[in-house]
Structure formats: C-alpha cells, structure tokens
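The values are calculated or read from the model by the stated rules, or taken from the named source; none is laboratory data. Bear in mind the structure is a predicted one, so any value in this text is a computation, not a measurement. Positions of Cβ are generated from backbone atoms using ideal geometry, with glycine treated the same way; all protein chains shown enter the neighbour counts. Protein only, heavy atoms only, side chains kept; ligands, DNA and RNA dropped before computing areas. Shrake-Rupley method; radii C 1.70, N 1.55, O 1.52, S 1.80 Å.
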Amino acid sequence: IGGTVRINGAAGQLNVQLTGPNQSYGFNGVLDLNGPGGGFAGTHLIGADVELAGTTTVSGNSIAQARVDISGSMEVAVNGTFRFLGGSAQNPNVIRATAAFSGSGDLVIGTGAQLNVEDGGIIDVDVDNRGRFESGLESSSPLIQPSDALGATLIDANYIQGNGAVFGFEIAGPPGGAHDVLHVTQTAQVDGELEVAAVAGSGFVPAVGDLYTVISAGTRQGVFDTLTTIGAGALEFDAEIIYGPGLVQLSITDVTLDGDFNGDFGLDCADVDALVAEIAAGGGDPAFDLTGDGVVDTADLDQWLDGSGTLNVGAPYLPGDANLDGTVDGLDFVVWNANKFSPTAAWCQADFN
C-alpha cells in the first residue's frame, strides 16, 4: 500500500485476511492511526502480518492485534500509545535496525505478545513491557555472527517492565561478545522475570565467573522477581543477578556439560571417540553412562549425539557425520574411505556402529 491510509477512533479497523499463514502485506506510504484518548483504545490492525515500511503516525491509543514488522518511521504523539498484541515466540513482532521513532508517547508490549529488536535497533520513545521483550532476533537469525552481539538495542528514553512480564536474554559468546544487551539512556524499571538462554548451535560454553551486562541505564529501579536459565542440548548452567545503580548484570555460577569426558569444556571427536571405544570394549565406566541406566551402550551414544549436536550445530548429529559439522556429505565419505576395514572403534574415523 503506497498511498495514505487513515484509521480513526475506537471503531476504525483494517482487517486483512490472506490465504497463506506466512503471507504479509505492507505500508510503504503514510499510515495515520488516529485512536481515542484517555482509557480507550482502537484495535486498528487485525488479521495478517503487516510490515510498516513507510511513515506511521500514532495519536491516541492504537492497538495492533496483527503481528507487526517495523522498518520505517513511527511517530507516537504525546499521550499516545502503540500496543503490540500479536506475535509469538516463533514469530514475534520485530523492530528492524532501520526503524526510526519520534514523539513523546509509548510503545506497549501487551500481555502475551512478544517484541524482538534487531541488532543495532534504536527506539526513541518509552517502552512499556507487559509481555515479552528481547533485545535481539531469534537465535536462528542469520544476523548472528560469532564476534557480534546477538542484539544490541538502544532505548533513548525509559524502559518499564511490569510484574509478570519477561525480559529474554541470549548468550552465544563471552562477555562483551556474542550476547544480547539493552542500553537505556534514562530509567530502566525492572520487575517480573529475567530469562537467560544459551543459543543452540553456537557451541559456546560459558565459564563460572563470566559476568554479562544485561541492561545498562542512566538509572535502574526495581529488581527482577525471578531468574530462569535455559541450557542448550548437553549444556546446563546456573547464574545470579547482580544489580548496580545503572546496571543489571548476570554472573555465571555453575556449568554442567554432559559428555565432556576429557574436561576441556568442549564436545568434540575426543569425547565421542572415547565413548565409542568404551562401548566397543564392553566397558562399564560410569563416567560414560549418560543415560544413567547402569550400562554403557549405544543409548549413551545416541544421547551424546543428541545433546552435543544441539549445542554445537543446532540439531542432533546424524549417523554418518564423521567430522561433526552437522551434515552428511562427501567429506564424511572421504573419512570413511580412508578408514574402511580398519579395526579402530572411533566415530570420527567413521565407525558409526
């Protein structure tokens, strides 16, 4: 839609129903959301995903029940609010790095909704989180690079998180490297839950004592009610929150890496080859009993392939993946061909059974 569209009051609606679940439509021109004031709001955008790539102005209180992807400009007038009610963890509302915000109003993440901000995103209006906010796209995003932050967001205003809301924080590298971070120039008022997740497919294992900056702000108020840590595959970890006048930081307190038999905090050929050798020898060393059933057998190998693959490449390692790169291809055949008929029981020498 390249022209000018105005949606008025509490009754005005644009309800677009597209036939495909992944289809969307977009505004490349001017979208004027003229909602009611006070305690009233207009549910203006309903139905299919909508991309706001042009100029959007918001006066009064406007609600998007549809999932929204913002890459253009948005002005939220004084006493105005733009509320996200759509989106999910699998398909969140997104603010792109190209988006530009102005005005004295608020962005509101409604209960049950999720908003993710692309790495480098800048939001120049207050953000009121009543649902779920992530400073970064999903971990499957191609934007994630080993040396870059997953999502560095600047809110050049205030960030307010209410009771029951969630702040999602992902780590895929050491402090100062590949992890989320939120910078707030004014006040960060926190409550609710801080959820910290390791990124599946990153292969990264944090160390005890690693200290991550989650939020930096001009002023911090409040504390999170709860902290939840989510591992990736064979990795599990615990942490504690450390608060400062303008900081929320996360300190890693414990790390468990199932299947790391040589204790080098990695899951690689040395570990799986040691496990395969133990199975082939008929040994029963409990250090290799990943399933806890008292027997060291192929069930333990399956568990190692599942947990290690999920951490390292984002999915269980497949039978035939001799070099543990996440695919079965000609490179694995070369390994098999070089070692065929040899008596060594080693996964990385292509003895898969």
LEU331, sole failed condition from (1) open to solvent by 60 Å² or more (accessible area, probe 1.4 Å); (2) not in a helix (DSSP H, G or I): (2)
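Residue-wise test of (1) under 25 Å from the mean Cα position of the chain (by Cα); (2) open to solvent by 20 Å² or more (accessible area, probe 1.4 Å).
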| site | (1), (2) |
| --- | --- |
| LEU14 | no, yes |
| THR19 | no, yes |
| GLY60 | no, no |
| GLN65 | yes, yes |
| ILE70 | yes, no |
| MET74 | yes, no |
| ALA89 | yes, yes |
| ARG96 | yes, yes |
Test for THR56: is it open to solvent by 20 Å² or more (accessible area, probe 1.4 Å), polar (S, T, N, Q) and either touching a residue at least 40 places away in the same chain (Cβ under 8 Å) or out of contact with any helix residue (DSSP H, G or I) (no Cβ under 8 Å at 6 or more places or on another chain) (or both): no
Contacts under 7 angstrom Cβ, first residue in the range 262-275 being at negative phi, partner assigned to a loop (DSSP other than H, G, I, E, B) and acidic (Asp, Glu), 6 or more apart: GLY266/ASP260; LEU267/ASP260; ASP271/ASP260
Among the candidates ALA234, ALA172, ALA207, residue that is crowded, with 17+ Cβ neighbours inside 10 Å and either modelled with pLDDT of 95 or more or among the aromatic types (Phe, Trp, Tyr) (or both): ALA234
Top-ranked residue in the range 334-350 [being over 36 Å from the mean Cα position of the chain (by Cα) and part of a loop (DSSP other than H, G, I, E, B); ranked as nearest to VAL276 (Cα to Cα)]: ALA345
Selected residue [more than 20 Å from ARG130 (Cα to Cα), open to solvent by 40 Å² or more (accessible area, probe 1.4 Å), touching a residue at least 24 places away in the same chain (Cβ under 8 Å) and hydroxyl-bearing (Ser, Thr, Tyr)] from THR226, THR253: THR253
Residues that are over 21 Å from GLY120 (Cα atoms) and assigned to a strand (DSSP E or B), drawn from the range 46-81: ILE46, GLY47, ASP49, VAL50, THR57, VAL58, SER59, ASN61, SER62, ILE63, ALA64, THR81
Where TYR317 falls short, out of the listed (1) loosely packed, with under 14 Cβ neighbours inside 10 Å; (2) aromatic (Phe, Trp, Tyr); (3) more than 29 Å from GLU240 (Cβ to Cβ): (1)
Failed condition for TYR212, given (1) touching an Asp or Glu at 6+ places or on another chain (Cβ under 7 Å); (2) buried (at least 20 other Cβ atoms within 10 Å of the Cβ); (3) assigned to a strand (DSSP E or B): (1)
Residues of the range 23-42 classified as open to solvent by 60 Å² or more (accessible area, probe 1.4 Å) and more than 30 Å from the chain's Cα centre (by Cα), total: 3
Residues being at pLDDT below 80 and surrounded by fewer than 24 Cβ atoms within 10 Å (Cβ to Cβ) - total across the range 105-157: 13
Check on VAL248, touching a residue at least 60 places away in the same chain (Cβ under 8 Å) and either part of a strand (DSSP E or B) or loosely packed, with under 14 Cβ neighbours inside 10 Å (or both): yes
Residue among ASP293, ASP351 that is of a type in the set (Asp, Glu) and surrounded by 13 or more Cβ atoms within 10 Å (Cβ to Cβ): ASP351
VAL190 under 17 Å from VAL248 (Cα atoms), hydrophobic (A, V, I, L, M, F, W, C) and either crowded, with 21+ Cβ neighbours inside 10 Å or modelled with pLDDT under 95 (or both): yes
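For every residue, the table says whether it meets (1) over 22 Å from PRO174 (Cβ atoms); (2) open to solvent by less than 60 Å² (accessible area, probe 1.4 Å).
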{"residue": "ASP264", "(1), (2)": "no, no"}
{"residue": "ASP268", "(1), (2)": "no, yes"}
{"residue": "ASP271", "(1), (2)": "no, yes"}
{"residue": "VAL276", "(1), (2)": "yes, yes"}
{"residue": "ALA281", "(1), (2)": "yes, no"}
{"residue": "ASP289", "(1), (2)": "yes, yes"}
{"residue": "ASP297", "(1), (2)": "yes, yes"}
{"residue": "ASP300", "(1), (2)": "yes, yes"}
Hits in the range 265-297 (condition: under 19 Å from GLY203 (Cβ atoms) and more than 37 Å from the chain's Cα centre (by Cα)): none
Criterion (modelled with pLDDT of 95 or more, more than 18 Å from GLU278 (Cβ to Cβ) and not aliphatic (A, V, I, L, M)) met by exactly one of ASP297, ASP329, ASP302: ASP329
